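The values are calculated or read from the model by the stated rules, or taken from the named source; none is laboratory data. Everything quoted here is computed from the prediction, not taken from an experiment. Don't worry about glycine lacking a Cβ; one is built from the backbone with ideal geometry, like all the others, and counts go over all protein chains shown. Note: accessible area is taken over every heavy atom of the protein model, side chains too, but ligands, DNA and RNA are not part of it. Shrake-Rupley method; radii C 1.70, N 1.55, O 1.52, S 1.80 Å.
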Amino acid sequence: MIVSACASYGVVHALAPGGVVSAPSETSAAVLFAALATFWLVNTLAVGAAIVAAEKLRSVTGLVGGWSANALEVVTLFLGAIAAVVIQLRPWLALFLLPLIYVLHRSDSVKHLEIAASTDRKTGLLNMETWRCLAEAGLKKARRHRVPVAVVMLDLDFFKRINDTHGHLFGDDVLRAVAHVLGSEVRRTDLVGRFGGEEFVVFLADVDLVRATEIAERIRSAVAALEISPGAGGASSAVPVRITAGVACDDGYSDDDVDLSQLLLAADNRLFFAKGQGRDRINAGYARQAR
């Protein structure tokens, strides 16, 4: 924040040495926009570099943030610019900005609380209650438009062995790595949640059985390609991580609709069959076949 503020001050000082208030209105507006853009750019680069160093993320969304986070940043910056001008002209008027600042940050705090209440703390995925609620809504929407849906149930193979051998902290690292794979291998509109323990679940709308199986296989391959080492800095060899998945699909055209509980049960049965076939594989089928 200090580096970003100093960079913004440098822009203002270079473009308007006498200050933005004494400059012509068009120049003042341009200088303020340049200062705000500089602050946002420097802050984004600094935070992005920290994210890369800490979490090894490479996606633009992960580094820059979503629209809502950036919108709040932009609004806060514009409010800061207004406050700076007001303080130079009529300092006492700045008091009237305080309630607006309070409400803005209060709403942001409420949003963070809502996110915390709806996500799993270890993985950052949706918790099961939130996933089920959103999946029910997605299923109803799919039924109205008569589009197919699928549920993918995934289970980490021999996860207890990983915990027992390398410790639960490393097990948490594995869960987070797998959660990241899940988030990167599905669409933004798909719902990914932690079912519990080492199990995950994905709701896919407007996806037929072939496409759902391809997505599950892509996830399985990406998890198998993970290189996670229990030693600090990768000092020891990577521990192999494998995942098994069951896919249950409903075409959405039958009058006898399959509800979410039946989809979950069918996907769980498919997962059980895949484990019986040797793990590290996909078993897929229509939900009606397992009823």
Tell me, which residue of the range 35-61 that is small (G, A, S) and open to solvent by less than 50 Å² (accessible area, probe 1.4 Å) is modelled with the lowest pLDDT? G48
Closer than 17 Å to Y286 by Cβ and modelled with pLDDT of 95 or more: does that describe A245? yes
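What number of residues within the range 152-170 satisfy the criterion of being of a type in the set (A, V, I, L, M, F, W, C) and open to solvent by 90 Å² or more (accessible area, probe 1.4 Å)? Show your work before the answer.
Our first condition is that a residue be of a type in the set (A, V, I, L, M, F, W, C); within the range 152-170, this holds for 152-154, 156, 158-159, 162, 169-170.
Cutting the leftovers down to open to solvent by 90 Å² or more (accessible area, probe 1.4 Å) gives us 158, 169.
Looking only at that region, the number is 2.
So, of the residues in the range 253-288 that are among the small types (G, A, S) and part of a helix (DSSP H, G or I), which turns out to be farthest from A224 (Cα to Cα)?
To start, the set of residues in the range 253-288 that are among the small types (G, A, S) comprises 254, 261, 266-267, 274, 276, 278, 284-285, 287.
When the remaining residues are screened for being part of a helix (DSSP H, G or I), the result is 261, 266-267, 274, 276, 287.
Details: S261: 29, A266: 24, A267: 21, A274: 16, G276: 19, A287: 27 Å.
Taking the candidates together, the pick is S261.
Is it true that R220 is more than 22 Å from R161 (Cα to Cα), within 25 Å of the chain's Cα centre (by Cα), among the charged types (D, E, K, R) and open to solvent by 40 Å² or more (accessible area, probe 1.4 Å)? Full working, then the answer.
Details: more than 22 Å from R161 (Cα to Cα): no; within 25 Å of the chain's Cα centre (by Cα): yes; among the charged types (D, E, K, R): yes; open to solvent by 40 Å² or more (accessible area, probe 1.4 Å): yes.
So R220 does not fit the description; no.
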Can you name every residue in the range 184-194 that is buried (at least 17 other Cβ atoms within 10 Å of the Cβ) and out of contact with any Phe, Trp or Tyr (no Cβ under 8 Å at 6 or more places or on another chain)? E185, V186
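Please go through the range 114-126 and pick out each residue that is at pLDDT 90 or above and open to solvent by 30 Å² or more (accessible area, probe 1.4 Å). Don't jump to the end; show me each part of the working.
Step one: filter the range 114-126 for residues at pLDDT 90 or above, giving 123, 125-126.
Correct list: L126 only.
Taking V207 as the residue in question, decide whether it is open to solvent by less than 70 Å² (accessible area, probe 1.4 Å), touching a helix residue (DSSP H, G or I) at 6+ places or on another chain (Cβ under 9 Å) and either at pLDDT 95 or above or assigned to a helix (DSSP H, G or I) (or both). Before the answer, list the steps.
On the way: open to solvent by less than 70 Å² (accessible area, probe 1.4 Å): yes; touching a helix residue (DSSP H, G or I) at 6+ places or on another chain (Cβ under 9 Å): yes; either at pLDDT 95 or above or assigned to a helix (DSSP H, G or I) (or both): no.
Spelling it out, it is not the case that V207 is open to solvent by less than 70 Å² (accessible area, probe 1.4 Å), touching a helix residue (DSSP H, G or I) at 6+ places or on another chain (Cβ under 9 Å) and either at pLDDT 95 or above or assigned to a helix (DSSP H, G or I) (or both).
Conditions tested, residue by residue: (1) of a type outside the set (S, T, Y); (2) touching a helix residue (DSSP H, G or I) at 6+ places or on another chain (Cβ under 7 Å); (3) at pLDDT 85 or above.
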| site | (1), (2), (3) |
| --- | --- |
| I2 | yes, no, yes |
| G10 | yes, no, yes |
| E26 | yes, no, no |
| F33 | yes, no, yes |
| D108 | yes, yes, no |
| H112 | yes, no, no |
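Kindly check whether there is at least one residue in the range 129-149 that is under 19 Å from V223 (Cβ atoms), open to solvent by less than 80 Å² (accessible area, probe 1.4 Å), part of a helix (DSSP H, G or I) and of a type outside the set (D, E).
First, the residues of the range 129-149 that are under 19 Å from V223 (Cβ atoms): none.
For the range 129-149, residues under 19 Å from V223 (Cβ atoms), open to solvent by less than 80 Å² (accessible area, probe 1.4 Å), part of a helix (DSSP H, G or I) and of a type outside the set (D, E): absent.
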Being of a type in the set (A, V, I, L, M) and farther than 27 Å from A46 by Cα is the filter; apply it to the range 2-27 and report the residue that is least open to solvent (accessible area, probe 1.4 Å). A23
Give just the number: which of (1) more than 23 Å from L98 (Cβ to Cβ); (2) modelled with pLDDT of 75 or more does V64 not satisfy? (2)
State which residue pairs qualify: first residue closer than 21 Å to Q88 by Cβ and part of a loop (DSSP other than H, G, I, E, B) and inside the range 23-52, second residue modelled with pLDDT under 90 and open to solvent by less than 60 Å² (accessible area, probe 1.4 Å) in any location, beta carbons under 8 Å apart, and separation of 6 or more residues or different chains. A23/A16; A23/V31
